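The values are calculated or read from the model by the stated rules, or taken from the named source; none is laboratory data. Bear in mind that the values here come from a model prediction, so they are computed numbers and not experimental data. Here the Cβ positions follow ideal geometry from the backbone for every residue, glycine too, while neighbour counts run over all protein chains shown.
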Amino acid sequence: MALPAFFSRVADSLRPVANVDPDTLADKLHDVRLHLDVVSQDDGAKGAFLLACNLAARLYPVIDLRPSHGSSRDETLTHQARDLIRAINPDADILLATRNGAASLGEAEDEPGHDHEPGRDGSDDTGLAVSLRLGVSFSRNAGHIGTTQPSAQDRLVEVSARGWTVAVDPAEGWDRLDDGTSAEPGHPLAWLAAAAFGMSEVFRIVFAAELGDRGRTGRQAGGIDLLTAAPVDVDAPASSPFGEAADTTAVATSEAPSSADEGPVPIAEAEPVDLGEFFLVGGGAIGQAAALALSEVDAVGVMHVVDPETVTLSNLQRYVLTRAKDVGAVKVDLMQEAVKNNAFGLAGAASRLEIKPLRGKWGDSEEHLDAHQVLVALDTARDRITVAATAPRHAYNAWTQVADLGWSRHEEFSVKPCLACLYYPSRPRSHDHELIAEAVRQTPLRVLAYLTYNLPIGYPLPSVPAIAELPAPPDAVRWTQVALIEDLLDDGVVEQTQRNEWADKTVGLLYRDGICAGGLLPVGDLPGEALVPLAHQSALAGILLAAELYWSRSPSLAARRASQVEHRYDVLRGFPQVFGRPRERTPHCLCEDTFFAAHAGAVEADHP
Ligand SMILES: [Zn+2]
């Protein structure tokens with residue numbers, strides 16, 4: 001059994017985007033052999049390789065770590081990757097190269113029952129071979145050591161980074177000069193983003209059949225300058241950099257970064273960037289990815305991490321700082337340890353960030369009222385508005401939705417859209433009975449009656465309540481004859497096998513423990529709060545959240561940022577995409593209130 005112990009959560013995360021039942025999904029994942037490799041010599045590429053392994057271990061049970069021809073990977077990195085995968089999913093099957101070039105299953109050769117034992121010659125042609133390569137190989141057709149059949153061209157994803165630019169499936173030579181040296185090293189954060197983009201493309205290959213026209217069936221090239229949000233031409237070789245008309249047919253000038261005529265700008269300060277003192281609110285999937293990203297850059301500063309929870313088994317599906325042994329750990333303590341030791345990144349490069357954990361919620365400390373910089377990685381609009389209400393001078397925000405993720409920056413309170421402008425309800429927020437009714441596909445009045453009577457769903461209603469704004473439908477008398485659970489069973493919201501488990505529970509418990517906690521996830525009309533994002537989706541959101549803080553602390557980088565404050569990426573579409581989203585301030589938002597504006601002014605005066 002190579003599937004991870006948190007597999008049921010994996011199945012939950014896939015349901016909204018690819019309708020596969022858990023058994024079929026398990027068979028499908030067992031059939032995939034994911035090959036991960038790094039051919040770029042950038043230091044950042046090694047961190048990206050480890051992130052790809054980290055994300056892969058949370059979904060794919062069979063991972064091939066054998067180096068490709070031309071791979072610059074050293075044995076230390078390979079073993080680090082193997083140990084990381086095994087720490088996350090101890091049952092994973094890992095293919096490693098041995099001294100004579102044959103494959104081995106890591107340390108698991110002697111264990112019986114592996115479905116993917118390689119043949120004597122090291123080849124393993126069963127199943128669906130998919131490859132992610134960090135850096136562009138000189139020959140796209142190069143296979144990897146020990147295999148007789150290279151991965152099919154259309155199941156290979158290559159990603160790379162140059163400066164702040166990330167490319168998917170770039171042309172040969174995009175990231176290297178003719179002599180093989182790196183054209184321009186990718187920034188470590190760009191490399192991490194490249195790994196997440198790459199893993200999302202791998203997902204689109206593996207689930208191409210289920211995703212329909214959103215699946216990936218062949219090379220789909222594109223790129224973005226993360227800093228400027230400008231699309232870039234990835235078919236231009238490195239020897240003809242942007243802005244130089246060495247080959248005008250290959251460089252689409254309209255797509256070149258707007259700064260091209262301002263001359264080269266360094267991708268980072270020469271000295272470590274001083275991130276100052278900042279708060280990371282939320283130690284979930286996005287917060288952990290942001291912390292991992294910040295531990296990989298050359299930066300100093302003090303990071304306060306705020307989260308009240310402990311790690312559950314289901315968190316391992318997408319929390320990049322969690323391992324199998326971390327279930328039950330306090331999230332903020334775990335993050336402090338992981339960042340301090342750079343436990344999930346490049347060993348030996350201990351982060352100089354100082355971490356201060358606070359197990360609690362935003363607002364628990366008086367320091368929160370005077371916060372200068374806040375990274376917001378929270379799950380609900382309500383929690384985000386709580387942060388916005390303390391009017392931090394600089395707030396950076398990231399989130400995930402079905403298939404989509406976004407990030408935003410909020411620096412000029414009362415001038416630009418504030419954090420709450422993105423979430424401030426433009427209409428009254430749904431009441432609990434409305435949320436539950438939507439989730440279980442029942443009329444709000446019937447749900448409200450069960451809540452009011454505190455009645456288990458295995459019983460019919462004693463009567464239909466009369467409520468002015470919720471008129472009863474004509475067939476409401478049925479509700480006094482048929483128990484709610486019967487209709488939920490008919491609709492497939494509750495499975496027959498779970499009848500006894502839920503019949504004596506209230507509809508509130510069904511919603512909280514069954515639907516929101518992932519025990520039951522009806523396909524189709526999912527309530528927004530019950531969604532489980534994909535691992536690479538949360539990771540990318542967290543990396544871009546970290547990047548927003550990093551850019552803001554470097555004057556030369558801050559000046560080049562995209563003018564739009566909000567960006568989105570659809571992980572199921574691939575490139576090209578438009579990232580920027582126009583956003584105005586929301587009328588009647590708290591940032592129009594003189595009290596909040598005065599507070600923001602006072603905070604700003606304290607942090608000139
Ligand atoms: Zn606002």
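For ALA195, the conditions (1) at pLDDT 90 or above; (2) assigned by TED's automatic domain parsing to the domain that holds TYR60; (3) part of a loop (DSSP other than H, G, I, E, B) are fulfilled apart from (3). Has the stretch 440-459 got any residue that is touching a Leu at 6+ places or on another chain (Cβ under 7 Å) and either among the small types (Gly, Ala, Ser) or within 16 Å of the ligand (Cβ to nearest atom) (or both)? Within the stretch 440-459, one or more residues are touching a Leu at 6+ places or on another chain (Cβ under 7 Å) and either among the small types (Gly, Ala, Ser) or within 16 Å of the ligand (Cβ to nearest atom) (or both). Within the stretch 524-556, the set of residues being modelled with pLDDT of 95 or more and among the hydrophobic types (A, V, I, L, M, F, W, C) comprises ALA539, LEU540, ALA541, ILE543, LEU544, LEU545, ALA546, ALA547, LEU549, TRP551. When the stretch 477-495 is limited to residues that are over 34 Å from the mean Cα position of the chain (by Cα) and within 26 Å of ASP21 (Cα to Cα), the one that is surrounded by the fewest Cβ atoms within 10 Å (Cβ to Cβ) turns out to be ASP490.
Listed by first and then second residue, the pairs with beta-carbon distance under 6 Å, at least 6 apart or on different chains, first residue in the stretch 159-171 and among the aromatic types (Phe, Trp, Tyr), second outside any loop (DSSP other than H, G, I, E, B), are TRP164/ALA190; TRP164/ASP225. Restricting attention to the stretch 554-568, the residues that are within 16 Å of the ligand (Cβ to nearest atom) and charged (D, E, K, R) add up to 1. On the stretch given as the stretch 548-601, residues that are closer than 13 Å to TRP407 by Cα, outside any strand (DSSP E or B) and under 19 Å from the mean Cα position of the chain (by Cα) total 3. Please work out which residue is nearest to the ligand (Cβ to nearest atom), limiting yourself to the stretch 588-607 and to residues that are in contact (Cβ under 8 Å) with a residue 40 or more places away in the chain and of a type in the set (A, V, I, L, M). Among those residues, the one meeting the criterion is LEU590. Across the stretch 361-395, the qualifying residues are those that are at pLDDT 95 or above and away from the ligand (no atom under 16 Å from the Cβ), and the one among them that is surrounded by the most Cβ atoms within 10 Å (Cβ to Cβ) is ALA377.
Within the stretch 569-587, can you find the residues that are within 15 Å of the ligand (Cβ to nearest atom) and in contact with a strand residue (DSSP E or B) (Cβ under 8 Å, 6 or more places away or on another chain)? The one that is within 15 Å of the ligand (Cβ to nearest atom) and in contact with a strand residue (DSSP E or B) (Cβ under 8 Å, 6 or more places away or on another chain): ARG583.
Residues of the stretch 476-490 include none that is at pLDDT below 85, farther than 30 Å from CYS589 by Cβ and among the hydroxyl-bearing types (Ser, Thr, Tyr). Within the stretch 472-499, residues that are without any contact (Cβ under 8 Å) to a residue 24 or more places away in the chain have Cβ atoms under 9 Å from residues that are among the small types (Gly, Ala, Ser) and part of a helix (DSSP H, G or I) in these pairs: GLN498/GLY514, counting only partners at least 6 apart in sequence or on another chain.
Scanning the stretch 419-439 for residues that are of a type in the set (Ser, Thr, Tyr) and either within 16 Å of the ligand (Cβ to nearest atom) or at pLDDT 70 or above (or both) returns TYR423, TYR424, SER426.
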